[in-house]
Amino acid sequence: MLALARRHSTLLALSAITLVAVVLVRVLKGPDAVAHAWGGSVDLVIGILPSMLMGMLMAGSLRQLVPTGALAKWMGAESGWKGLVIASAVGIATPGGPMAAFPMVLVLSGAGADIGCVISFIVCWGLNGFNRILVWEVPLLGPDFALLRFLSGLPMGFIAGWISRRVPLRWAPPESLPR
Amino acid sequence: MTGRLILAALALLCFGLALRKGRPAGLRALRETRDNLVRIMPMMLVAMPMATFLAELVPADVASGWLGPESGLTGLVVASFAGGLIPGGPYASFPLVLTFLKAGAGPAQMVALITGWAVLAFHRVVMWEIPVLGARFAVVRTISSLALPLLAGLIAEALMPLFPHLLAGMR
């Protein structure tokens with residue numbers, strides 16, 4: 001039971017917030033507002049579902065075409081701005097949540113990537129990951145907004161990597177993954 | 001609508017390319033699509049009502065005032081840090097952003113908010129970054145990313161003239 005709750009903790013938390021919001025809307029704004037909000041979410045789901053499905057198909061297919069990893073040898077401390085660009089591209093190409101991306105930092109730094117490159121990687125994964133853009137951002141917020149957001153975010157991995165190479169703190173990867 | 005058709009065309013093109021690599025790659029692509037769908041659908045079905053019901057509760061002047069297109073630098077700073085405080089994955093943040101946009105928030109402010117959510121991500125630092133990579137990494141990464149949401153918002157502000165229908169189209 002506890003394990004089940006832990007595995008679905010996100011879903012449970014979202015459900016709880018939703019439930020509280022529904023009750024608050026009913027109490028504070030009345031039944032009309034509840035009906036209005038329900039209508040809005042039904043429209044939202046119906047509206048974005050086809051795009052979301054297409055986004056997932058595109059992300060799933062791209063993953064078969066673009067290999068990641070194996071590029072770490074071009075991400076050393078001497079790699080300059082080219083290393084940061086490659087690391088940014090790998091970050092964009094890396095799908096999945098934090099459970100996949102943070103261990104990937106260990107893989108990259110184990111293979112020789114420096115702090116600037118792993119920071120570029122993790123910032124680009126979080127900000128510009130193609131998987132998230134295709135599955136969430138384009139269907140929900142529209143291609144125009146998604147493009148504006150992507151263009152505004154594009155230099156960020158590079159800038160973060162550049163700054164981190166100048167932060168006077170040494171970082172070495174932990175010996176192994178914590179259990 | 002055209003955006004949707006383009007996305008569909010690109011998706012089918014990529015799937016075609018995966019199929020050309022061989023049947024196993026095509027099947028893997030389909031299987032990943034299905035797994036993604038099964039994983040995300042329950043989240044989505046809960047997150048969409050969450051967004052629309054929260055929208056009823058958000059006072060209109062928060063979105064159009066504090067985070068409105070005219071809110072300038074203050075709005076960008078508020079959005080950047082508010083973004084960093086939003087916990088959870090895209091299923092939580094993007095419906096909220098949609099809600100804010102519909103309530104009159106500025107696109108550049110929302111770019112700052114998404115960037116704050118993605119690069120500051122205070123909850124992710126505690127849950128993932130420190131346990132897996134250590135506190136020192138989290139410090140270096142946070143120092144390096146602190147200014148990025150504001151910067152992204154400023155770039156978006158500068159790019160806005162290239163997206164004239166964005167302000168009008170969101171209502």
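The values are calculated or read from the model by the stated rules, or taken from the named source; none is laboratory data. Owing to the predicted nature of the structure, the values given are computational and were not obtained by experimental measurement. Backbone-built Cβ (ideal geometry, glycine too); neighbour counts: all protein chains shown. What goes into the accessible areas is simple: the full protein's heavy atoms, side chains included, and nothing from ligands, DNA or RNA. Shrake-Rupley method; radii C 1.70, N 1.55, O 1.52, S 1.80 Å.
If you wrap region B:58-169 in the convex hull of its Cα atoms and look at it from every side, the mean projected area works out to 7.0 nm².
Rounded to the nearest 20, the Cβ-based charge dipole of chain A about its Cα centre (Lys and Arg +1, Asp and Glu -1) stands at 380 debye.
Between the residues B:Ala9, B:Val38, B:Leu19, the greatest Cα displacement towards the positive end of the dipole of region B:1-45, with unit charges on the Cβ of Lys, Arg, Asp and Glu, is found for B:Leu19. Charge dipole (Cα centre; +1 on Lys/Arg Cβ, -1 on Asp/Glu Cβ; no other charges) of the protein assembly as shown amounts to roughly 1060 debye. Under the rule of -39500 (n - 2.57) per DSSP H run of 4 or more residues, summed and divided by the residues of the protein assembly as shown, what mean residue ellipticity at 222 nm is obtained, to the nearest 500 deg cm²/dmol? The helix-only estimate for the protein assembly as shown comes to -23000 deg cm²/dmol at 222 nm. Pairing the Cα long axis of helix B:135-145 with the longest principal axis of chain B, what angle in degrees results, from 0 to 90 and rounded to the nearest 10? The angle comes out near 70 degrees.
Largest to smallest in accessible area, the residues A:His36, A:His8 fall in the order A:His36, A:His8 (1.4 Å probe, all protein chains included).
Just going by the charge dipole of region B:29-171, with Lys and Arg at +1 and Asp and Glu at -1 on Cβ, which of B:Pro131, B:Thr52, B:Tyr91 is farthest out on the positive end? Towards the positive end, the residue furthest out is B:Pro131. Counting, for every residue in B:147-160, the Cβ atoms of other protein chains within 10 Å of its Cβ and taking the mean gives 4.
Axis of helix A:115-128 versus longest Cα principal axis of chain A: the two differ by about 20°, to the nearest ten degrees.
Keeping all protein chains in place and using 1.4 angstrom, which order do A:Trp38, B:Trp128, A:Trp125 fall into by accessible surface area, from largest down?
Of A:Trp38, B:Trp128, A:Trp125, the descending order of accessible area is A:Trp38, B:Trp128, A:Trp125.
The heavy atoms of A:Met99 present about 120 square angstrom of accessible area, all protein chains included, probe 1.4 Å.
Rounding to the nearest 10 and keeping the result within 0 to 90°, find how far the Cα-based axis of helix A:80-93 lies from the longest principal axis of chain A. Here the helix axis deviates by roughly 30 degrees. Placing R0 at 22 angstrom, the Cβ-Cβ distance between B:Val38 and B:His123 gives a FRET efficiency of 0.35 after rounding to 0.05. Cα extents for the protein assembly as shown along the principal axes, largest to smallest and rounded to whole angstrom: 61, 50, 50. Largest GNM mean-square fluctuation across B:Arg124, B:Arg136, B:Arg20, computed for chain B with C-alpha springs under 10 Å, falls on B:Arg20. Centre-to-centre separation between the Cα atoms of region A:100-163 and those of region B:88-126: 15 Å.
With a Förster radius of 22 Å applied to the C-beta separation of B:His165 and B:Leu5, the computed FRET efficiency comes to 0.80. Here region A:1-49 yields Rg over Rh of 1.12, to two decimals, using C-alpha coordinates and the Kirkwood radius. Partner lysines whose Cα lies under 21 Å from the Cα of A:Lys73, excluding those fewer than 8 positions away in the same chain, are identified as A:Lys82. Projected label points at A:Val42 and B:Ala60, each 7 Å from Cα along the beta carbon direction, are separated by 2.5 nanometres.
When B:Arg31, B:Arg23 are compared by accessible area at a 1.4 angstrom probe, the order from most to least is B:Arg23, B:Arg31. Projecting the Cα atoms of A:Pro173, A:Val118, A:Ile133 onto the charge dipole of region A:70-179, computed from C-beta unit charges around the Cα centre, puts A:Pro173 farthest toward the positive end. The percentage of C-alpha pairs in region A:106-179 whose separation is greater than 19 Å is 47%.
Picking from B:Glu157, B:Glu56, B:Glu32, which is most flexible by a Gaussian network model of chain B using Cα springs under 10 Å? Of the options given, B:Glu32 has the highest mean-square fluctuation. Once the gyration tensor of the Cα atoms in region B:1-73 is diagonalised, the equivalent ellipsoid follows with semi-axes of 39, 18, 10 Å, ordered largest first. Projecting the alpha carbon convex hull of chain A along each direction and taking the average yields 14.3 nm².
Peptide A:11-17 has a mean of 6 when you count, residue by residue, the C-beta atoms of other protein chains within 10 Å of its C-beta.
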